[in-house]
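Heads up: the structure comes next, in structure tokens.
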Amino acid sequence: QVLLVESGGGVVQPGTSLRLSCAASGFNFNNDGMHWVRQAPGKGLEWVATISNGGRDTYYAGSVRGRFTISRDNSKSTLFLQMDSLRPEDSAVYYCARGTMFDRQYFTYWGQGTLVTVSS
Amino acid sequence: DIQMTQSPSTLSASVGDRVTITCRASQSVSPWLAWYQQKAGKAPKLLISETSTLESGVPSRFSGSGSGTEFTLTISSLQSDDFATYYCQHHNSYPITLGQGTRLEIK
């Protein structure tokens, strides 16, 4: 079965960096786009970033563009999110989500999330 | 950016009720609209993609419809397991945006 396991969350100070990972299994990772979606405490879902199946194309929400970088290692079926210049408003549960093999992306499976807290 | 607006924000209903949640987009996204269910403390789950395509394993009491800028998620006969928060998401273009959520609670 499809399994997505996020790791790397924690408590960090504003202005610092953090790298999230998502280990994928149970499907052909190379075929599908992959995403990060976040949810601040008590709030709704916010799409963060997308990477195409081959890794060539990336897309970002305006709130993170220039600070976050999405990447993937298809040889290890792993998705990453490098988060720099973190702000308190980046505090959230970060979900890794499997997309589709098509141009139009939605989130077919989700991990359980990893909590990021940005606080001084 | 395409704005997605759901209504109502909260819906109180009883087991057996038929309920409808509406999602409006600020421009046409048809047919690229998905629906998710999220239970408290859990990850979201995909219910419907491309307006009306039910995901495997999702009960047939769930259905989606709509076109252009207005879409609906209908639950034909509410079960106790359905009380959760529901989100719509357009998958027409980037940036991807989601609605603010509709909390479905027990009356």
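Overview of results
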| item | result |
| --- | --- |
| Spacing of the two label points (7 Å from each Cα toward its C-beta) at B:K39 and B:S67, in nm | 3.6 |
| Probe 1.4 Å - accessible area at B:V15, Å² to nearest ten | 100 |
| All Cα pairs of the range B:52-107, percent lying beyond 12 Å | 74 |
| Label-point separation, B:Y94 to B:Q79 (7 Å along Cα→Cβ), nm | 3.8 |
| Label-reachable residues, the range A:100-115, where backbone N falls under 12 Å from a point 7 Å from B:T53's Cα toward its Cβ | A:100-108 |
| Kirkwood Rh in Å, taken over the protein assembly as shown so that all alpha-carbon pairs contribute | 17.9 |
| Percent RCO, i.e. relative contact order, over chain B, from Cα pairs under 8 Å lying at least 6 residues apart | 39 |
| Length added when fully stretched, A:R67-A:S85, from 0.36 nm per residue minus Cα-Cα | 5.9 nm |
| Förster radius 41 Å - calculated FRET efficiency between B:A13 and A:R56, Cβ distance, rounded to 0.05 | 0.35 |
| Solution diffusion estimate, µm²/s, Stokes-Einstein, chain A, Kirkwood Rh from C-alpha pairs, 37 °C, viscosity 0.692 mPa s | 232 |
| Shielding by other protein chains, A:72-83, mean Cβ within 10 Å | 0 |
| Relative contact order of the range B:60-99, defined on C-alpha pairs under 8 angstrom at six or more residues apart (%) | 25 |
| Pairwise Cα inverse-distance average, inverted: Kirkwood Rh of chain B (Å) | 13.6 |
| Relative packing of peptides A:91-99, B:45-53 - highest average C-beta neighbours within 10 Å first | A:91-99, B:45-53 |
| Accessible surface of B:S67 - all protein chains present, 1.4 Å probe, nearest 10 Å² | 80 |
| Sulfur and carbon atoms: percent of accessible area, the protein assembly as shown [1.4 Å] | 45 |
| Size of electric dipole in chain A: Cβ of Lys, Arg +1 and of Asp, Glu -1, about Cα centre, debye, nearest 20 | 40 |
| Mean separation of Cα contacts under 8 Å, 6 or more apart, over the residue count of chain A: relative contact order % | 35 |
| Proximal aspartates and glutamates to A:K43, defined as alpha-carbon separation beneath 14 angstrom and excluding residues fewer than eight positions away on the same chain | A:E89, A:D90 |
| Surface accessible to a 1.4 Å probe, B:C88 within the full protein complex, Å² | 0 |
| Inter-chain Cβ neighbour average for residues A:41-52, partner chain, 10 Å | 3 |
| Test item: A:100-112 mean partner chain Cβ contacts at 10 Å | 5 |
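The values are calculated or read from the model by the stated rules, or taken from the named source; none is laboratory data. Owing to the predicted nature of the structure, the values given are computational and were not obtained by experimental measurement. Using ideal geometry, Cβ is built from the backbone for each residue, glycine included, and neighbour counts are taken over all protein chains shown. Note: areas computed on protein heavy atoms with side chains; ligands, DNA, RNA excluded. Shrake-Rupley method; radii C 1.70, N 1.55, O 1.52, S 1.80 Å.
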